[in-house]
Structure formats: C-alpha cells, structure tokens
Amino acid sequence: MELNKKLEILADAAKYDASCASSGAQRSDSRSGKGVGSTGGAGICHSYAPDGRCISLLKLLLTNSCIYDCHYCINRRSSNVRRAFFTADEVVKLTLDFYKRNYIEGLFLSSGIIRNADYTMEQVIAVAKTLRETHDFRGYIHLKTIPEASPELIEEAARYADRISINMELPTQKSLDLLAPEKNMARTKIAMGRIRQRLDDARAQKKDGNRKLRHATGQSTQVIVGADESTDADFLAGSDELYNSYKLKRVYYSAFSPIPEPSSILPLKAPPLIREHRLYQADWLMRFYGFKTQEILSPEQPFLDLELDPKLAWALRNRHDFPVNLQTAPKETLLRVPGLGVRNVARIIQIRRHTKIRLADLSRLRVSLSKVMPFLITADHNPSTLLLDSDRLRAKFAPKPQQLELFT
Amino acid sequence: MQSIDPGKNFQTWRQAAKKLITAAAAPEEIIWEKPDPQNLFHTSTLRSDTAEYSTFSVPKEFPQLAKSVACHQIEQRWALLYRILWRIVIGRERHLCSISSDPDIAKAHLLAKSVRREIHKMHAFVRFKLVDTDPETSRERYAAWFEPDHHIVEAATPFFRKRFANMDWSIFTPKGCAHWDGKTLRFSEGIPENPVEDPDALEAIWRTYYRSIFNPARLKVKAMTTEMPKRYWKNLPEADLIQELISESTTRVTHMMQEPLRPAKPAPKNKYLESLRQMSEAPPPEEPPSI
C-alpha cells in the first residue's frame, strides 16, 4: 500500500482522540544537538480543521488493526474498515518531514491492539526511541499507553515521551462492559496510579539535580460523552478523582460522533457538541475557579444546563451570594462572578489597590457589562436587587431559540 | 511643537524618548514622525536645564509592555508610549502600568496583545519549503514566506533559531526578513513578493493528512476561523481544502447515518484476550492508590 493511502487510513483512524496539547513539556531545544525540535513554551496549534479542532501534533495510529471490540470505535475488530500498518521508519520520516516544514509540534502516536498489550507497546515505543536516539528529535511526543502493558514498558514510553495517556473512555465499569468489553476501569486506574508515581519520582529527581533526565511531565485521558447513559455528574465526579488522586494534566471530553461502520450495539446519533462544551467549562471551573463538583451539579440535577454556562447557572442558583463589591471582595469571590475570568480578576485586584473601579474601567478591560452588572457593586453602580431576585434574570441570559446550535 | 524621529524600533524610540523626558518635554509638544528635511522648524529646541530628570528609572513593567507595543503597525504607538512614560516619570504615576483599566494602559495592552498574538500565529503558520540539500554535508536549506500585519520579524524569529538550529533557513516577509546559517541570525529589509512560490514536495501528503484528520460529523467553522483567520489562508498549503471539506460534510454524515448497523463479531482465539477475561473475573490484584 502506498504511503499516501496508509496516511489517509491511519490519520482517519486517529482523529477521534481529542487530545491535542503540546504544552507543559520540559524546556529543550535543538541548539545543543544535531537534530530538530524545541519544547517547553506554550503549545502551538499549527492549523485548524473545519471541525474547530486544532492541529498541533501529527496524530496517527501505528495500525488500525485491533483485537478489541469497542463499539464506539471505527477500528474495533467487528468493523469492516480497511486496515493498514505503518512501519516505524515511515512514521519517523513523516514526523521529521512535517516538523522541519513547521507543520506540527510533534507526534501523537497510538495503535490498535495487535497480539497483546506488550507487543503493541513495543511497536509504539520503537518509533519514539528512533526519533529521540537516532535523530535527536527534540519536538513533542505524546504516546498512548495500554493499562495492561508491563509497567517497565510504560516507563520506557515515559522516558521518550513528553506526555503519556491512557483513555478512560467511559465513566463506569457497567458502560465499559457493554461498549468496550476488553477494558477494565480498575486496571486503568492502577496503571494511572503507577504512572503518577513515576512522574512524581522523575520530578523529584530533576529537583535533586538530575537535570539530564528526560521524562514525560504529565498524563492525560479521554472520556466519550453521549455514548452511554452516564450523567454529567458522573463525568465530573470521575474527572475530579482523576485530577486529585492521579494528578492528571487534562481530561478530554469527546462527544460521541457518527462514524462509518456503525455498531448494532451502539446506533449513531448526533454528536452532543454543546454538552461537550459545557463539560469543558465545568472542568475549567473545577481546575481554575475553585468550584467543587457538588456545587456545579447535584444528585437532583445531574446534567449541566445546556442554555447557560455553568458559572452563570451556579450564580442564578445562588443569588443570595450576590451582589459582591468589586472593590473589597476577596479573589475567590470575584472568581465566582459570571463574566469575570481568571486574568481579569488578577487585573482587578491590582487596579483596586490604587484606584476605585467604575463600569467604564470594566468595559476597558473588555468585560461584558450586561453579564456582570446584575452581580456586581462598583463605585458607580449598584444593581437592582429586584432584578437579582426576579425570574427575568434567567430570561435575560437564556439564548433566543434560533441562536441554539442545532444539529441538522 | 517639534517633530521627533522615533526611528524604526523600540531601541531607537527609547533613545529619543529618554532625551525628551530629560528635557521634560510635554507629550502635546511632540509629533512622532520622521522629520521633513524641507521643514526648517523641526530642529530640536530641547531645554537642557532640567537636571531633575537627567537620570530616571521606570518600573520594569513599562519596557516589557513598550517592547510589544513598539512592534504594532499603527503610527500613534510612539505617541501613546511617550504619553505613558511621561505620566510615569513626570506625572509621578509610578503604578500606572498596574492600572490596566486606565485608558492609555488599556490601549497599550490591546496593541501589545495583537502583537503577541501575531508572533504566536507566525510561529504557527510559517510553512517552510525545502530549497536544497548540501551534497557534502547534507545540511538542508529551507525558506518561507509570511505576511504579518505588525513589525514582528525580529521578535518572532529567535524561536525558529532554537527549534531549527541545525538547518539553514530564511523567512521572507514584506516587513523584514530573517536568515539563519547555523551561526548567526541576520535580518534584512522586507521584500514585496513571495520569492518561494513553488510548492514543496511534502505539501501533497500534508494535505492528505489535513483531509483525513477532519471529522465531518462535528462541523464548527467559526471555531476554526477565530483561531485561523482567513487572512492567513493564502500562505497555508492546506487551506484551499477547507471549502470542499465543509461542503462535503453533510453528505458524508448522511451516508454514515444510513449505513446498516454491523453486528459484533465473536472474539478471535487469542491467549491475551483470554487472560483479560480471567483478570476481569478475579478481584483486582491491588487497590488503586488513594490521595
């Protein structure tokens, strides 16, 4: 099979993985070496596809042959999709050729499971090893690992990669049993726990002066949204655990979207893109805004409001906490005001040390006045408590029906 | 009123501005422009008796902000920077840079932001083409064409030196060019037209990748154009595929939705799959670690 055809199949096979980060790696560049590459700055998105996703890494499967049968996946063994295999050298050459032309930040490599977990891992590692050792490649490498692979192989992958990941896929074992029968949540968590320890060890070693140590700096995962009956509360509780107990850098939420070769066990439906978006917003609130999962969702209300962003929805449920005084409220309180982001809160705290803040100041900070006004007291504004208490407040923010993004 | 030549970058402007502050020249008295040699009245009339400001310091936030603002394309940037500097030093507003909502600072932040954004976009959207390979050393030479709005070539190219230290390259732009030969990063005047029109041989396979990585079932055109504005498209070899990908997407998804559902195939005889089944039935060998 010619290379172009393989690329077509094996990039298509990889596109359902949403992870795209190319940031957070240790600082390194090509000046002291013989190859190409640099990492350690902000991630760079070299292109965007019309699906709105960034193209940062060359995202490939080594092969789309797979002995697993995950029903949301086009590459499962029951699918009749055409199969292809890359050789390690083909992937190495593609990565270097694209990288030198500044098309990509590096390589994201995954694979269908062939023979067994260890054999598959070895094939994936061989590519990364050749890039690093033979070509002194110093760009970004993200390797997908398999929970059942031997811990030594996963650690070897971590030494060549900047980031490694295992996909959680679904939030409960019940869903996995139905849709991804070969996958097991307990085994995945054990592997993630082990990876966390290795990452911590590597960080400690570097701190202790082993500056030459090359090691991945983080792990991430992906969950599929809308393939099973799990609620948003299930997803967020899962993410909360992953961030806290396993110190994941990112949880990616990927809306289950139609694939060719649909499974009889999981019929296709429109991808829940707004739901996916709201989950990312809620995830952000947990990581950067000090919200607890239970504040965002409750057992009585296990789904995010699709019409309003989760911070605004929280504020409308907790009106007794508002209005807050912009001049005096602590940082944690300001972070909870709808319409104020992390950056602007930091700026406001700086500004108010020197001067009184007025609405015009906020608008020069590019804050949406109509969004914050009901919730804030400024030097020249005191919101009507009547509005804050009334039903009209929600109506003010809810989108008009025609503005809803509908799948057609 | 006097005309003062800001020169071409932050360094030259800073030298001129230092002299003006030393002379306590008010912002309203200065027109930042290249002095017209025909105009007899442009000769400097700076006072030299103001020892008070002969040396002065500014908070470190100011040069940081000013370096970015200086790269912006608008003419008024020099006057804006001088007004801020004057307020900090002569007006004794030492904290001015911390007041992001001040009209002058807000404006400066806005300009700095678009400059930083374009530097980032240059790092993202420069597309190198292989020009030749040295037959003896096999060192490769690449070239790229980029069209920035702002004067960012000098600020943006050290990134490429770090990343591509071991290949030779030139980046040509109308606002200045940068050249790396493995030893020094050299800058030259801008040129009006793309000198590397011919496509690189790899572009065809890059376009295959772009076409294949797109998921037609989740069209989000606005999310794409926000991050990859159309004005960059003409120098991106993949961008002329966008229209076609968008227009085909509905049909592609309709086909998927109409495909017959595939039944699950039985598991092949495989020792590894068998071992997974056994593991799942047995209790997990160790507890997942807790916090």
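Am I reading the B/A interface right? What is its buried accessible area, both sides, 1.4 Å probe, to the nearest 100 Å²?
Details: alone 19700 and 20080 Å², together 32220 Å².
Counting protein atoms only, the buried area is about 7600 Å².
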*Give, ordered by residue number, each residue of region B:208-252 whose 1.4 Å probe accessible area is reduced by a minimum of 30 Å² on adding the remaining protein chains to the chain alone.*
B:208, B:209, B:210, B:212, B:213, B:214, B:215, B:217, B:218, B:220, B:224, B:227
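What is the local net charge at residue B:255, summed over the other residues whose Cβ is closer than 12 Å to its Cβ (Lys, Arg +1; Asp, Glu -1)?
Working: positive: B:252; negative: A:261, B:248, B:259.
Summing Lys and Arg as +1 and Asp and Glu as -1 gives -2.
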_Restraint check, A:59/B:121; A:15/A:59; A:189/B:265; A:174/A:311; A:269/A:311; A:269/B:220, Cα-Cα greater than 19 Å_ = A:59/B:121; A:189/B:265; A:174/A:311; A:269/A:311
*Nonlocal amide H pairs with residue B:142, under 5 Å, H built at 1.01 Å*: B:131, B:168, B:169, B:170
_Residue among A:299, A:323, A:262 with the largest mean-square fluctuation in a Gaussian network model of chain A, springs linking Cα atoms under 10 Å_ = A:299
*May I ask you to evaluate 6.51 cos²θ - 1.76 cosθ + 1.60, the Karplus curve with θ = phi - 60°, for each residue of region A:63-77 and list the ³J(HN,Hα) values in order in whole Hz, giving x for glycine and proline?*
8, 9, 6, 7, 8, 7, 10, 7, 6, 7, 10, 5, 8, 4, 5
*Please arrange B:262, B:186 by accessible surface area, largest first, computed with a 1.4 Å probe and ligands excluded.*
B:186, B:262
*Ignoring ligands, DNA and RNA, what percent of the 1.4 Å accessible area of chain A is carbon and sulfur?*
51 percent
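Going from the alpha-carbon gyration tensor of region A:327-408, what semi-axes, largest first and in whole Å, does one get by taking the root of 5 times each eigenvalue?
Numbers: eigenvalues 143, 52, 24 Å².
Semi-axes from the Cα gyration tensor: 27, 16, 11 Å.
If you average the sequence gap of Cα pairs under 8 Å that are 6 or more apart and divide by the length of chain A, what percent do you get for the contact order? Could you put the intermediate results ahead of the total?
Details: 667 pairs, mean separation 47.2, N = 408.
Value for chain A: 12 percent.
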*What is the set of long-range amide H partners of residue A:263 at a cut-off below 5 Å, with H atoms built 1.01 Å from backbone N?*
B:262
*Occluded residues from region A:45-59, i.e. those whose accessible area drops by 40 Å² or more once the chain is not alone (1.4 Å probe)*: A:46, A:47, A:48, A:50, A:51, A:55
_Residue among A:352, A:198, A:83 with the largest mean-square fluctuation in a Gaussian network model of chain A, springs linking Cα atoms under 10 Å_ = A:352
*Sequence-distant residues sharing a close amide H with residue A:168 (under 5 Å, placed H)*: A:222
*asked:* Please list log₁₀ I(q)/I(0) at q = 0.12, 0.17 Å⁻¹ for region B:126-188, using the Debye equation with identical point scatterers on the alpha-carbon positions.
replied: -0.27, -0.53
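Count charges around residue A:38 for me, please; just the other residues with Cβ under 11 Å from its Cβ, Lys/Arg as +1, Asp/Glu as -1.
Cβ neighbours under 11 Å give a net charge of +4.
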*Mean Cβ neighbour count within 10 Å, used as a protection proxy, ranking A:89-102, B:198-211, B:55-68 highest first*: A:89-102, B:198-211, B:55-68
*Shape call, region B:217-263: gyration tensor on alpha carbons, a/c limit 1.5*: prolate
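Leaving out ligands, DNA and RNA, what percent of the accessible area of region B:56-120 is carbon and sulfur, probe 1.4 Å? Provide the component values of the computation, followed by the final result.
Numbers: 1580 of 2890 Å².
Roughly 55 percent of what the probe reaches on region B:56-120 is carbon or sulfur.
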_Rounded if a/c under 1.5, otherwise prolate or oblate - region A:3-220, Cα gyration tensor axes_ = oblate
*Comparing A:248, A:335, A:386, which has the greatest mean-square fluctuation in the GNM of chain A with Cα pairs linked when under 10 Å apart?*
A:386
*Give, ordered by residue number, each residue of region B:103-126 whose 1.4 Å probe accessible area is reduced by a minimum of 50 Å² on adding the remaining protein chains to the chain alone.*
B:120
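How much area per residue is accessible in region B:171-260 when the probe is 1.4 Å and only protein heavy atoms are counted (Å²)? Could you put the intermediate results ahead of the total?
Numbers: 4740 Å² over 90 residues.
Accessible surface, normalised per residue, equals 53 Å².
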*Relative to the longest principal axis of chain B, what angle (0 to 90°, nearest 10) does the C-alpha long axis of helix B:103-125 take?*
40 degrees
*Radius of gyration and Dmax for chain B's Cα atoms, expressed in Å?*
28.6, 95
*So for chain B, taking the charge dipole from beta-carbon charges (+1 Lys/Arg, -1 Asp/Glu), which of B:155, B:138, B:192 sits furthest toward the positive end?*
B:155
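Which value, in Å², gives the accessible area per residue of chain A when a 1.4 Å probe is used on the protein heavy atoms?
Numbers: 16340 Å² over 408 residues.
With all protein chains present, chain A gives 40 Å² per residue.
Could you give me D for chain A, from Stokes-Einstein at 20 °C and 1.002 mPa s, where the hydrodynamic radius is the Kirkwood radius over C-alpha pairs? Units µm² s⁻¹, please. Each step should come with its number before you reach the end.
On the way: Rh = 23.4 Å.
Result for D is 92 µm²/s.
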*asked:* What percent of all Cα-Cα pairs in the protein assembly as shown falls into each 10 Å bin, going from 0 up to the bin containing the maximum distance?
replied: 3, 13, 20, 23, 21, 13, 5, 2, 1, 0
*When the accessible area of region B:126-188 is split by element with a 1.4 Å probe, what percent falls to carbon and sulfur?*
46 percent
*Hz values of 3J(HN,Hα) by residue in region B:60-72 - Karplus curve (6.51, -1.76, 1.60), Gly and Pro given as x*: 5, 5, 5, x, 4, 5, 5, 4, 5, 4, 4, 7, 5
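The values are calculated or read from the model by the stated rules, or taken from the named source; none is laboratory data. A quick note: this is a predicted structure, and the numbers were derived from the prediction, not measured. For neighbour counting, all protein chains shown are included, and Cβ atoms are generated from backbone atoms with ideal geometry for every residue, glycine included. To get the accessible areas, we keep the full protein, side chains included, count just its heavy atoms, and leave off ligands, DNA and RNA. Shrake-Rupley method; radii C 1.70, N 1.55, O 1.52, S 1.80 Å.
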